[in-house]
Amino acid sequence: MAKYPFESIEKKWQQRWETEKTFRALEDPSIPKEKRRYVLDMFPYPSGAGLHVGHPEGYTATDIYCRFLRMNGYNVLHPMGFDAFGLPAENYAIQTGTHPEVTTMANVDRFRTQIKALGFSYDWDREVSTCTPDYYKWTQWIFLQLFKKGLAYESEMPINWCPSCKTGLANEEVKDGECERCHTKVTRKRIRQWVLKITAYADRLLEGLDRVDWPEPIKLMQRNWIGRSEGASVHFSLPGHKETLEVYTTRPDTLFGATYMVLSPEHPLVPALTTNECKAAVEAYVQEAARKSDLERTDLAKDKTGVFTGSYALNPVTRKEIPVWISDYVLISYGTGAIMGVPAHDERDWDFAKAFGLPIIQVVAAVGETGPFDREPKECTAADGFAVNSGQFDGLPTPEAIKRITVWLEEKGIGKKAVNYKLRDWLFSRQRYWGEPIPVVHCKKCGIVPLDEKDLPLLLPQVTSYTPTGTGESPLANIPEWVNTTCPKCGGPAKRETNTMPQWAGSCWYYLRFLDPNNNKAFVDPGIENYWMPVDLYVGGAEHAVLHLLYSRFWHKVLYDVGAVSTDEPFLRLVNQGMILGEDNQKMSKSRGNVINPDDIINNFGADSMRVYEMFMGPLDVSKPWSTAGLVGVSRFLERAWATSEKPIVQEAASIELVKLLHKTIKKLTHDTNTLNFNTGISQMMIFLNEISKLETIPRSLWEPFVLMLAPYAPHLGEELWEKLGNSESLAYASWPIWEEALTLDEEKEIVIQVNGKIRDRLTVSAGTEDAVLRERALDSPKAKEWIGDKDVVKIIVVRDKLVNIVIK
RNA sequence: GCCGGCAUGGUGAAAUGGCAUACACGGUAGACUCAAAAUCUACUGCCUGCGAAGGCGUGUGGGUUCAAGUCCCACUGCCGGCACCA
């Protein structure tokens, strides 16, 4: 079998699609809402390394699905663009002096060429890059909306500081205590930052998850990330001080067991509470903690450390004085930055109390446990039970005790019910050049003043050096003529904000710009937004499970609140594609030398082989190793399809067996394509082709539907075969074949005869044979008789069209 | 440590609680060929057996069921995420 001429075929059809704008999506009002679909890929960051074989996996999946939808009469929006701001281009600029825009645009061109070589049916008229002024004008506009709603604020806060990049990092850019990009150990530094108040949307981000069709594990990860907990805040008075110490606890029922308090080293009350005798030790500890990175703080925390402040707090229920300590196991960023130590019922508190010889009092007992409860418990338990050593609350089961003590605290005015989140506000500024400038100015007289919307975009100026200033400010701070400006409000002198936005900003809303990419009056026309939104299917890697998808949902909800979009959740259905591993079953990486380059595969086997192979490897959502040997099998399948098309295609009727196989194939492929189970769908096409390729002449009634079904998977070959059938129009909008249910059913069924669950015989009967008949025929089977022997038949199970199980004893 | 996912032939994998291993790779044998490649055909889970046939088999151990890869319980291993969240 000769190799089919994929090079010429693929080139030819890619050109046809491009010049004819085959896949342009128009907002045709005559197509009803239920016949419109928005299918979105996570757009790539155009790295210098070029396209990875992982990219085409999700892109092929959505492409097949979109082509399938079009053939089923849907109006499909399927765009592609580039997440073009980002650190690698800037780091390259620092090394070489090349403007990041130059690098980025070259990479974008390369990516576009590589993506087009795979024959995806994108509407390229809608392409966007987040780094173009046309685009980031609207990223800045959205920032202004956030600012006006009070959701963007400045804060002087300790941040992760990378001494090598000389810039601040968000928590999520720190991996194992190291800078995600350059792997330098991260330290802490206080710096002025812009922060977005995502916590204000915590409950809505949580609630919205109940209304979207996403994988449960991903929803769970988002829920855990938001980390909502209910409990109580309690004020502890501090004898000798007018302030009180507020703590948050999920277990107010253990208040009687609180024998000490711990503040985070960064807690504002630490200086006031430190007595002269303890001052030296406390200050040393605070300094030590500040110097440490998060890695060290968590690592060293295997043994609890801490120092006594010298002060005492009053336990509001026992009226006993309890010592106030500081320790780095208490985080300033969660709750109030202070805790009550209940060593008997919290592992961490237990370790701390044991390390420093603090008293341990049991206040919860397991159901069925009998006292006495007046001695120090042997082990710590956080489990529910009933209250002991808790005065008036003794005997109450834990949930009841929590309620009653919370009420009691409220009555006394020393506490109340409280909700807390693990989610923190989003550190939104970067001390970088290659990002969207934050469109505000700092005016001595008016404070922080946002730019007028009509003055957007605020363009990134040219700089001579991309190197960070080292003071924590971005390279923009080195351009006085840009920094010094006038206040939009009072007209007096003002300074521009020199921080830029993080890469997440542009990717937070790109799916909206695809709707109306050239609009310069609005970020999207409301009519067009309403036409397509929400996104019906969003496919991308699971590594974005939390951050990108949470940030994006947050922005979308804000845009919904300002009336800019019509839905409050952006992505109805989410599918995460699995990772493609190297042939050695390891993550692909340069250092392992197991990287597969898509260009090589396309050159040697063609884009269609690449596409079909990636879909044939296994289920879309699991990780799977690349195998060039496996690719060969798929390539043979396409060659066989080509070879079959070279045989005479005739008008003769096909045999009933093949007609039935065709209808079964249409049914299975329709179902599997619709549910994105491409691997089993392809296998069904293989079964069909294996059969018809045996024929000397090919009935057109079999071949035509096969070509149509193959087309979404191998579109270049599909179009070519369609043309060979005498069609002059593209098959992109031809009708997907329809199956006839009656032709998918077998007239005869093989019935398995089991004796005690073991297969002993088989018989062939016509479909739908009555249970009673099956029972008789099974009992008549000589082999079954042999196995039954003289045993008693206890029971006979009949499953129509499938099996008879004779149970004997 | 916690959370989540996965575990099936030599390999990638398939299987509404009802014939385990479809499809593909690889392998073996044969056809075609001067020869090779390509292609085509047959076989290909393991064990016993000349064969007929039988037994075993979906990470391990239990359980539910007439029937378990699939459901339940306990464990082991691998992969991913999180990191003292009070």
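Nothing in this text is a laboratory measurement; each read-out follows from the coordinates by a stated rule. The shown structure was predicted, so the numbers you read here are calculated from the model rather than taken from an experiment. With ideal geometry, Cβ positions are generated from the backbone for all residues, glycine too; neighbour counts draw on all protein chains shown.
Data for the structure
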{"quantity": "Those trypsin sites (Lys or Arg not before Pro) in segment A:510-570 that DSSP places in a loop and that have at most 15 other beta carbons within 10 Å", "calculated": "A:521"}
{"quantity": "Sites residue A:562 and residue A:334 - FRET efficiency at Förster radius 25 Å, r taken between beta-carbons, to 0.05", "calculated": "0.25"}
{"quantity": "Largest-first principal axis extents of the Cα set of chain A (Å)", "calculated": "102, 88, 51"}
{"quantity": "Förster radius 60 Å - calculated FRET efficiency between residue A:452 and residue A:742, Cβ distance, rounded to 0.05", "calculated": "0.30"}
{"quantity": "Nearest 10 degrees, 0 to 90: helix A:55-71 Cα axis against chain A principal axis", "calculated": "50 degrees"}
{"quantity": "Cα gyration tensor shape for segment A:411-489, rounded if a/c is under 1.5, else prolate or oblate", "calculated": "prolate"}
{"quantity": "Extended-chain gain in nm, criterion 0.36 nm per residue less alpha-carbon gap, residue A:724 and residue A:636", "calculated": "29.7 nm"}
{"quantity": "Pairs of lysines in segment A:230-380 (C-alpha under 26 Å apart; 8 or more residues apart or interchain)", "calculated": "18"}
{"quantity": "Anchor residue A:521: aspartates and glutamates whose Cα lies under 16 Å away (excluding residues fewer than 8 positions away in-chain)", "calculated": "A:134, A:452, A:453, A:455, A:529"}
{"quantity": "Gained length - residue A:381 relative to residue A:522, 0.36 nm times residue gap less alpha-carbon distance", "calculated": "45.0 nm"}
{"quantity": "Cubic angstrom per residue, convex hull over Cα atoms of segment A:229-420", "calculated": "115 Å³"}
{"quantity": "Helix axis angle, A:216-226 relative to chain A longest principal axis, alpha carbon, degrees", "calculated": "20 degrees"}
{"quantity": "Quotient of C-alpha Rg and 2.2 N^0.38 Å, computed over segment A:590-743", "calculated": "1.09"}
{"quantity": "Per-residue HN-Hα couplings for segment A:30-45 [Karplus 6.51, -1.76, 1.60; θ = phi - 60°; Hz; x = Gly/Pro]", "calculated": "6, 8, x, 3, 6, 9, 10, 9, 10, 10, 10, 9, 5, 6, x, 7"}
{"quantity": "Residues residue A:185 and residue A:347, FRET efficiency given R0 of 35 Å [Cβ-Cβ distance, rounded to 0.05]", "calculated": "0.75"}
{"quantity": "Two-decimal Rg to Rh for segment A:611-676 - Kirkwood Rh, Cα set", "calculated": "1.06"}
{"quantity": "Spatially proximal lysines relative to residue A:647 (Cα-Cα < 16 Å; intrachain offsets below 8 disregarded)", "calculated": "A:3, A:694, A:724"}
{"quantity": "All lysines inside 21 Å of residue A:116 as judged from Cα atoms, apart from same-chain residues fewer than 8 positions distant", "calculated": "A:11, A:12, A:21"}
{"quantity": "Simple spin-label estimate for residue A:134 and residue A:444 in nanometres, 7 Å along Cα-Cβ", "calculated": "4.2 nm"}
{"quantity": "Centre separation in Å (Cα based) which lies between segment A:674-708 and segment A:338-381", "calculated": "69 Å"}
{"quantity": "Chain A: angle of helix A:628-645 to the longest principal axis, Cα-based, in degrees nearest 10", "calculated": "40 degrees"}
{"quantity": "Lysine pairs in segment A:746-808 with Cα atoms under 21 Å, if 8 or more residues apart or on separate chains", "calculated": "13"}
{"quantity": "Computed lengthening from residue A:164 to residue A:481, 0.36 nm per intervening residue step minus Cα-Cα distance", "calculated": "111.3 nm"}
